Amino acid sequence: MLINFFLALKKARIPVSITELLHLLDVLKARLVYADMDEFYYLSRMALVKDERHYDKFDRAFAQYFKGLEDLAGMIAALIPDEFLRREFEKSLTKEELEKIKSLGGLEKLIEAFKREVEEAAREGDQKDKEGKGKNGRGKEGEDRKGKKRRGKRQWDKRDYKAYDDNVELGTRGLKISLRRLRKLARTGADDEFDINNTIDKTAKNGGLLDIIMRPERRNTVKVLLFLDNGGSMDAHVKTTEELFSAARSEFKHLETFYFHNFLYDGVWKEQNRRMNERLDTFDILHKYAHDYKVIFVGDATMAPYEITHAGGSVEHWNEEAGALWMQRVMDTYDKVIWINPTPQDTWEYSTSVALTKKMVDEQMFPLTIAGIEDGMNFLSK
């Protein structure tokens, strides 16, 4: 099953493996999707394609292989006799419902009346569309000014070509791609990936006797400490921060996440709903995680300057030592530290607290944009 589809993907130079094909078959056996090409497209792409760079090649291979099968549900329906559907429908009705249908002239009369009502509703809708036609000359949805039908594109044929803009805020997929600039790949752990090249070599040396070789999967070994600001001024940036957090969780195998309020002080926490009961001492964090960790702060750095420079500046508790001192300890402990700021970069110069924070991280503050994330990851990977 799906062997020819698998071979078509290999022919299109998409790096798919037997393991991924078996995963797809297991999901199909569980009936997660059935008779829906769009759902099967998304499922097969998720199971077989592990790198977004190959999405375009997958779309072309998918469209070529399944050409003519766009309406699979319609094809299945056409193979089922009407008489069988009628009998199955009648089985689901009670005696009272069957008698009521007969009193209305039978099932055929009822269906014809329903079709007439649908056609009348469609005509009324068309008339309203023509009366409300705008400046673009379009009438009904799905028709251009010449009355020619425009069919919606299939999911695997959709393409939105726009001028690239490196200042747009990112979605989770774009963030994952940008975060991959911070990579140090190594094969560690259990042998759970099929090594086709060594299998071929060993089999050839054994005179054709199959010798399957497995190897550990390549994983990102970079270790990251992620500190997230959850102060009130971050409410406007919750969505983008959540997207960044989600992308980081999926991209970095060795990731530790902590929360702080406005600025780093003597304590942080891992669970927002336990921030008062289960605070972690910042000193313990600095001593527990080695200096080879990459440190990423995410926050708008928007606060009163005294919250950074003075003891007791925290709005939540009395901090014995200034936040600036704690940030300096982080800079002294770790080789690579950056700050990602979700606010527009052209507003930073008007904020004293942002300027102070930027200075403390040795000017390594980056905006939450495509260019900003890539620049930040490039700095951390040096």
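Name the shape class, rounded, prolate or oblate, that the alpha-carbon gyration tensor gives for the range 221-381, where a ≥ b ≥ c are the square roots of its eigenvalues, rounded holds for a/c under 1.5, and otherwise prolate holds if a/b is larger than b/c and oblate otherwise. Taking the square roots of the gyration eigenvalues as a ≥ b ≥ c, the range 221-381 is rounded.
Remark on residue 340: its backbone amide H falls under 5 Å from those of 297, 298, 299, 366, a criterion applied only to residues 5 or more positions apart or on other chains, H modelled at 1.01 Å from N. What the Cα convex hull of the range 1-66 gives, in volume per residue, is 79 Å³. Between residue 321 and residue 18, full extension at 0.36 nm per residue minus the direct alpha carbon distance yields a gain of 103.4 nm.
Going by neighbour counts of Cβ atoms within 10 Å, the residues 309, 369, 352 line up, fewest first, as 352, 309, 369. Near the amide H of residue 294, within less than 5 Å, lie the amide hydrogens of 223, 224, 225, all on another chain or at least 5 residues away, with H placed in the peptide plane.
Estimated from the Cβ-Cβ distance and a Förster radius of 56 angstrom, the FRET efficiency linking residue 203 and residue 290 is about 0.85.
Around the Cα centre of the range 307-357, unit charges on the Cβ atoms of Lys, Arg, Asp and Glu (plus for the first two, minus for the last two) sum to a dipole of about 100 debye. Dipole check for the range 3-74: with +1 at the C-beta of Lys and Arg, -1 at the C-beta of Asp and Glu, and the Cα centre as origin, the magnitude is about 400 Debye. Listing 296, 14, 111 from fewest to most neighbouring C-beta atoms within 10 Å gives 111, 14, 296. Panel order for 46, 360, by other beta carbons found within 10 Å of each beta carbon, from fewest to most: 46, 360.
Please list the non-local residues whose amide H lies under 5 Å from the amide H of residue 193, H modeled 1.01 Å from N, same-chain partners needing a gap of 5 or more. Long-range HN contacts for residue 193: 215, 217.
Throughout, read-outs are computed from the coordinates displayed, never taken from laboratory work. All of these numbers come straight from a predicted model, not from anything done at the bench. Note: ideal-geometry Cβ built from the backbone for every residue, glycine included; neighbour counts use all protein chains shown.
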